[in-house]
Amino acid sequence: MKRRAATAIAILSFLVLALFAPAVRAEGSEAGEAFQKGVDAVAAQQWADALGWFERAHAIKPHALSLYNIGVAELRLGHLTRARVAFYGSLALDAENNHAQLAPSLADEMNGFIRDIETRLVYLTITIEPAGATVTVDGKPLAVDPTGRSKLYIAGISAAADPSPDLPTSFETAVDPGQRDIVIQKQGFAPQASRETYPVGQHADLHLSLSALDATLHVESSRGNAVVRIEGLDVGVVPVTVKRPPGTYSIDVRSAGYTTYSSTVTLGPGGRSDIQAPMVKEQLVLTRQWWFWAGVGAVVLGSALTVYAVTRPPPPYNGGSSGWVAQTH
Amino acid sequence: MGRADALSPRAPVTLAATLVTLAAATLVMASCSDAPARPQLLVTVRSDVVLPSQLDGDPLLSAAASIDRVRVEVFGGDGSPTATRDFVVSGSSSFPVSFGVEAPTGSSPLIRVTGFRAAWEHLGQDGAASIEPGVSLTRLAQKTIVGFDRIDVVLHGDCFGTPVDLTSATTCVDAARRAVPATTLDDPEPTVASWSGAREVACSAAGPSGTLCIPGGVSDIGDPALHIVDLVSDIIPNPPRAVLISPFYLDETEMTVPQLRSLFTAGKLPGVAPPVLSSIDVECNYTTTKGSAEKQAVRCVSYETALAACKARGGSLPTAAQWEHAARGRGRGYRYPWGNQEPTCCAAALASGSFGCNPKKGIGSYAVPGSCNGIADVSRDGVLDLAGGVREWVLDAAVPFDACIEDGLATDPTCAPEDRPRGSTKGGSTSTPLTAAEASLRRGRSSAMQDVGFRCAF
């Protein structure tokens, strides 16, 4: 039934285009020439070409009839949202010109097309998480309804490079029926995509949520074999690059004979932090002199041996190459 | 007085030092003479997989067969962990690694040893570090302590991805013993990198014309981000797991329009439906006579037609695992066929129209790295257009591997349950965004859409 209605619209559109073409041709040679090429393209069923010519004609000399024809071409190409905008624009331009650019019957037909389109559009109630994310449909951002006739966000009428409007966390949008690629993205989060085929006139709910991207932490050091620890866990020898969820992490960079470098870094979603750890040789202090420790060692050894001999502690556990002994209690 | 004068000023110090030394020596001898051994285990962790330091010197070794961390967890009598420690193992100076386990005589502590690569460790939302089970090597060991005792725990490459069972204390030991008691003893002292899967396997014979050899070996496929994916998308969950792939041949390019036409013309595809042009899918390009898309990958091909075409050539479609093995550098874990550098418009035939690029459709149009910051849509083995061009059919059904492949190291896996239609697609296309070039992504069974084509494996 709907296919029959669409066919009827296409046939009617073709007849109307042929009927009104001379009126536009008379208004300017360049615009008229473009308009005529558009009409020729319609005759050849080259709707994409026709759309281009009518857009050009309208750009040279704005006319309600050109906008009407743009709407018809968009409709034939299956671009319902774009057709709707064009039809509303045609009616508004005609009204600005005291209804001198469109025959009343044509305006009535156009209102009929708009009602038909608004019945066939797909209405999605989209809930996004987190706030501030942008949503694109088939690669293009949503747009506030330019006709001012609804609070809908309209898909398909913006260019891919257009800025995205600030979206509330829940909103209603109108999209063309058929297969739609809906993508939600936000800096620092992994984009999520939804590919669904929506039948004509469907009302549906769509929940789109993003998960935060892991952040990248890269640690280098002025000393090549320094070991990097994050939150007390060894992660490797510099240079080392690790992925971590957003958060705050303590970082130690250690190398024998050098002062341990410690720092705290806060990683944002999808962010990157590069740390250059300067390794400074430990100062020669008293406690680092061999003779000091030799003396201390002699005293400690003597004391320890004495105590040891008296208390006779059991021998230490063998920790192997790592020196680590696991407790089982 | 004269006797006192005869002594050196240091004599008392020397005498005292001598006495102290003799006393200390006596104490040491006394204390060391009968020191009783304390009951404990001395555990040495060995392995036959690869260490990071070996990878640079031997390009035939697979990075996916390597470990750079060893995590040791010791469980007490009540089954709860009592001690955990991670060891960085980079080369022979840090491996094998040994440690002690203190326990009373007669007790049987349970020890879990996990070998993994740090790249596969990630922090969960609770802040706890977890390891991807599908790409790690885990072994349980248990022995009743009688005085001082030693055991070897060997991490065999055959056990990649095979889980252990703490409740029943069963573990994988090697290929022939995948679920045996943790008390099973290992063969002593394996040599690192001696595992048969550690080294790539070359193709044994020449392949068909237009194909390239993809050497076999172990490969990690999947991505941690694909544990859970958006339920409304058609991306298939693909958590990381190690797989063993046999050498095979893969078409250097996606199948072109004239290549498919020649199969139909030669009568090699009886009863098979050719791709059709469509007013909706305007990118469809198959023609029965010479047309304008002779140098393009054929589009709008159904799974059935693609499979029949490959079989007519004596091959088949690649499996998802074969495709990912070829596209991710055969064990090197590349995110994209060229490495890990993020794709741009000049890297591959991707993201047309509203996605912002203007891709060239001819096969091999992105084969020269010099014009795009050193990257090109060329794999490690020279295979072209794996990232872009058309999405490519693979044999596996559009279900996660977990649906029909058991845990553990699977050889040449393919997942095709009988109750699901076969076929899913790998790779990005001119109709997908740049991010779809990621080689770990696999998408659902599509109809013969305008960006779906194929290449064959042999």
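The values are calculated or read from the model by the stated rules, or taken from the named source; none is laboratory data. Since we're looking at a predicted model, the values are computed, not measured. For neighbour counting, all protein chains shown are included, and Cβ atoms are generated from backbone atoms with ideal geometry for every residue, glycine included.
Test B:ALA129 against the criterion of being farther than 23 Å from B:ASP174 by Cβ, within 13 Å of chain A (Cβ to nearest Cβ), touching a residue at least 24 places away in the same chain (Cβ under 8 Å) and surrounded by fewer than 22 Cβ atoms within 10 Å (Cβ to Cβ), and give yes or no. Don't jump to the end; show me each part of the working.
Working: farther than 23 Å from B:ASP174 by Cβ: yes; within 13 Å of chain A (Cβ to nearest Cβ): yes; touching a residue at least 24 places away in the same chain (Cβ under 8 Å): no; surrounded by fewer than 22 Cβ atoms within 10 Å (Cβ to Cβ): yes.
For B:ALA129, the condition - farther than 23 Å from B:ASP174 by Cβ, within 13 Å of chain A (Cβ to nearest Cβ), touching a residue at least 24 places away in the same chain (Cβ under 8 Å) and surrounded by fewer than 22 Cβ atoms within 10 Å (Cβ to Cβ) - is not met.
Restricting A:ALA277, A:ALA298 to those that are touching a Ser or Thr at 6+ places or on another chain (Cβ under 8 Å) and farther than 26 Å from A:GLN187 by Cβ reduces the list to A:ALA277. Residues in region A:285-329 that are crowded, with 16+ Cβ neighbours inside 10 Å and of a type in the set (Val, Ile, Thr): A:VAL325, A:THR328.
For B:ASP165, are the conditions met, namely being within 29 Å of B:ASN238 (Cα to Cα), modelled with pLDDT of 90 or more and not assigned by TED's automatic domain parsing to the domain that holds B:PRO239?
Working: within 29 Å of B:ASN238 (Cα to Cα): yes; modelled with pLDDT of 90 or more: yes; not assigned by TED's automatic domain parsing to the domain that holds B:PRO239: yes.
For B:ASP165, the condition - within 29 Å of B:ASN238 (Cα to Cα), modelled with pLDDT of 90 or more and not assigned by TED's automatic domain parsing to the domain that holds B:PRO239 - is met.
Does region B:93-104 contain any residue that is at the interface with another protein chain (Cβ under 8 Å from one of its Cβ atoms), within 21 Å of the chain's Cα centre (by Cα), closer than 24 Å to B:ASP220 by Cβ and in a strand (DSSP E or B)? No.
Comparison of B:THR435, B:THR430, B:THR425 shows that the only residue that is over 30 Å from B:LEU155 (Cβ atoms) and in a strand (DSSP E or B) is B:THR425. Among (1) at pLDDT below 90; (2) among the small types (Gly, Ala, Ser); (3) more than 22 Å from B:GLY57 (Cβ to Cβ); (4) touching a Gly at 6+ places or on another chain (Cβ under 9 Å), which single condition is B:GLY100 missing? Among (1) at pLDDT below 90; (2) among the small types (Gly, Ala, Ser); (3) more than 22 Å from B:GLY57 (Cβ to Cβ); (4) touching a Gly at 6+ places or on another chain (Cβ under 9 Å), the lone unmet condition for B:GLY100 is (1). Taking every residue in region B:228-246 that is modelled with pLDDT under 75 and pairing it with any residue that is assigned to a loop (DSSP other than H, G, I, E, B) and basic (Lys, Arg), at least 6 positions away or on another chain, the pairs with Cβ-Cβ distances below 9 Å are B:ASP234/B:ARG445.
A:ILE157 meets the stated requirement of being in a loop (DSSP other than H, G, I, E, B) and within 17 Å of A:ARG82 (Cβ to Cβ). For region B:109-124, the set of residues classified as more than 7 Å from every other protein chain (Cβ to nearest Cβ) and at pLDDT below 90 consists of B:ALA119, B:TRP120, B:GLU121, B:GLY124, listed by residue number.
The residue that is surrounded by the most Cβ atoms within 10 Å (Cβ to Cβ), among those in region B:76-91 that are touching a Ser or Thr at 6+ places or on another chain (Cβ under 7 Å) and more than 7 Å from chain A (Cβ to nearest Cβ), is B:GLY77.
In region B:54-101, what residues are among the aromatic types (Phe, Trp, Tyr) and in contact (Cβ under 8 Å) with a residue 60 or more places away in the chain?
B:PHE75, B:PHE95
Restricting A:LYS186, A:LYS140 to those that are of a type in the set (D, E, K, R) and at pLDDT 90 or above reduces the list to A:LYS140. On the basis of being over 16 Å from B:ILE235 (Cα atoms), within 14 Å of another protein chain (Cβ to nearest Cβ) and touching a Pro at 6+ places or on another chain (Cβ under 9 Å), does B:PHE458 make the cut? Considered against the rule, which asks whether it is over 16 Å from B:ILE235 (Cα atoms), within 14 Å of another protein chain (Cβ to nearest Cβ) and touching a Pro at 6+ places or on another chain (Cβ under 9 Å), B:PHE458 comes out as no. In this structure, does B:GLY161 turn out to be crowded, with 18+ Cβ neighbours inside 10 Å and in contact with a helix residue (DSSP H, G or I) (Cβ under 8 Å, 6 or more places away or on another chain)? Here the answer is yes, as B:GLY161 does meet what is asked.
Is there a residue in region A:200-222 that is buried (at least 16 other Cβ atoms within 10 Å of the Cβ) and away from every other protein chain (no Cβ under 13 Å)? Yes. Within region A:160-172, residues that are closer than 12 Å to A:ILE128 by Cβ sit with their Cβ atoms under 8 Å from residues that are among the charged types (D, E, K, R) and modelled with pLDDT under 90, at 6+ positions apart or across chains, in these pairs: A:THR169/A:GLU129. Every listed requirement among (1) buried (at least 18 other Cβ atoms within 10 Å of the Cβ); (2) farther than 18 Å from B:LEU51 by Cα; (3) in contact (Cβ under 8 Å) with a residue 24 or more places away in the chain is met by B:THR138 save one, (2).
Can you confirm whether A:ASP181 is within 15 Å of the chain's Cα centre (by Cα), at the interface with chain B (Cβ under 9 Å from one of its Cβ atoms), at positive phi and acidic (Asp, Glu)?
On the way: within 15 Å of the chain's Cα centre (by Cα): yes; at the interface with chain B (Cβ under 9 Å from one of its Cβ atoms): yes; at positive phi: no; acidic (Asp, Glu): yes.
It is false that A:ASP181 is within 15 Å of the chain's Cα centre (by Cα), at the interface with chain B (Cβ under 9 Å from one of its Cβ atoms), at positive phi and acidic (Asp, Glu).
Residue pairs whose Cβ atoms lie under 9 Å apart, separated by 6 or more positions or on different chains, with the first residue in region B:29-49 and more than 29 Å from B:ASP174 (Cα to Cα) and the second modelled with pLDDT of 60 or more and of a type in the set (Gly, Ala, Ser), are B:ALA30/A:ALA309; B:SER31/A:ALA309; B:ALA37/B:GLY147; B:ARG38/B:GLY147; B:PRO39/B:ALA103; B:PRO39/B:GLY106; B:PRO39/B:SER107; B:PRO39/B:GLY147. Would you mind stating whether B:GLY353 is over 29 Å from A:SER158 (Cα atoms) and within 14 Å of chain A (Cβ to nearest Cβ)? It is false that B:GLY353 is over 29 Å from A:SER158 (Cα atoms) and within 14 Å of chain A (Cβ to nearest Cβ). Name the pairs whose Cβ atoms lie under 6 Å apart, with the first residue in region A:306-319 and at the interface with chain B (Cβ under 7 Å from one of its Cβ atoms), the second assigned to a helix (DSSP H, G or I) and crowded, with 17+ Cβ neighbours inside 10 Å, and 6 or more positions between them or separate chains? From residues that are at the interface with chain B (Cβ under 7 Å from one of its Cβ atoms), the pairs are A:TYR308/B:SER31; A:ALA309/B:LEU27; A:ALA309/B:SER31.
Okay, residues lined up against (1) touching a strand residue (DSSP E or B) at 6+ places or on another chain (Cβ under 8 Å); (2) at pLDDT 95 or above:
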| position | (1), (2) |
| --- | --- |
| B:VAL378 | yes, yes |
| B:ALA387 | yes, yes |
| B:ALA398 | yes, no |
| B:ASP419 | no, no |
| B:THR432 | yes, no |
| B:ARG445 | yes, no |
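For region A:228-274, residues that are closer than 24 Å to B:ARG85 by Cα, away from every other protein chain (no Cβ under 13 Å) and among the acidic types (Asp, Glu) total 1. Listed conditions (1) aliphatic (A, V, I, L, M); (2) over 30 Å from A:ILE251 (Cβ atoms); (3) over 18 Å from the mean Cα position of the chain (by Cα) are all met by A:LEU217, apart from (2).
Does B:LEU51 satisfy the condition of being at the interface with chain A (Cβ under 10 Å from one of its Cβ atoms), modelled with pLDDT of 90 or more and within 27 Å of A:SER321 (Cβ to Cβ)?
Details: at the interface with chain A (Cβ under 10 Å from one of its Cβ atoms): no; modelled with pLDDT of 90 or more: yes; within 27 Å of A:SER321 (Cβ to Cβ): yes.
For B:LEU51, the condition - at the interface with chain A (Cβ under 10 Å from one of its Cβ atoms), modelled with pLDDT of 90 or more and within 27 Å of A:SER321 (Cβ to Cβ) - is not met.
The residue that is nearest to A:ASP138 (Cα to Cα), among those in region A:154-168 that are within 14 Å of chain B (Cβ to nearest Cβ) and exposed (fewer than 12 other Cβ atoms within 10 Å of the Cβ), is A:ALA159.
Please determine whether any residue of region A:185-197 is farther than 16 Å from A:VAL137 by Cβ, facing chain B (nearest Cβ under 10 Å) and either out of contact with any Lys or Arg (no Cβ under 9 Å at 6 or more places or on another chain) or outside any loop (DSSP other than H, G, I, E, B) (or both). Before the answer, list the steps.
Of region A:185-197, the ones farther than 16 Å from A:VAL137 by Cβ are A:186-190.
Of the ones still in play, those that are also facing chain B (nearest Cβ under 10 Å) are A:190.
Remaining after also requiring either out of contact with any Lys or Arg (no Cβ under 9 Å at 6 or more places or on another chain) or outside any loop (DSSP other than H, G, I, E, B) (or both): A:190.
Yes, because at least one residue in region A:185-197 is farther than 16 Å from A:VAL137 by Cβ, facing chain B (nearest Cβ under 10 Å) and either out of contact with any Lys or Arg (no Cβ under 9 Å at 6 or more places or on another chain) or outside any loop (DSSP other than H, G, I, E, B) (or both).
For region B:257-309, which residues satisfy the criterion of being small (Gly, Ala, Ser) and under 21 Å from B:VAL394 (Cα atoms)? Scanning region B:257-309 gives B:ALA273, B:ALA297, B:SER302, B:ALA306, B:ALA308, B:ALA309.
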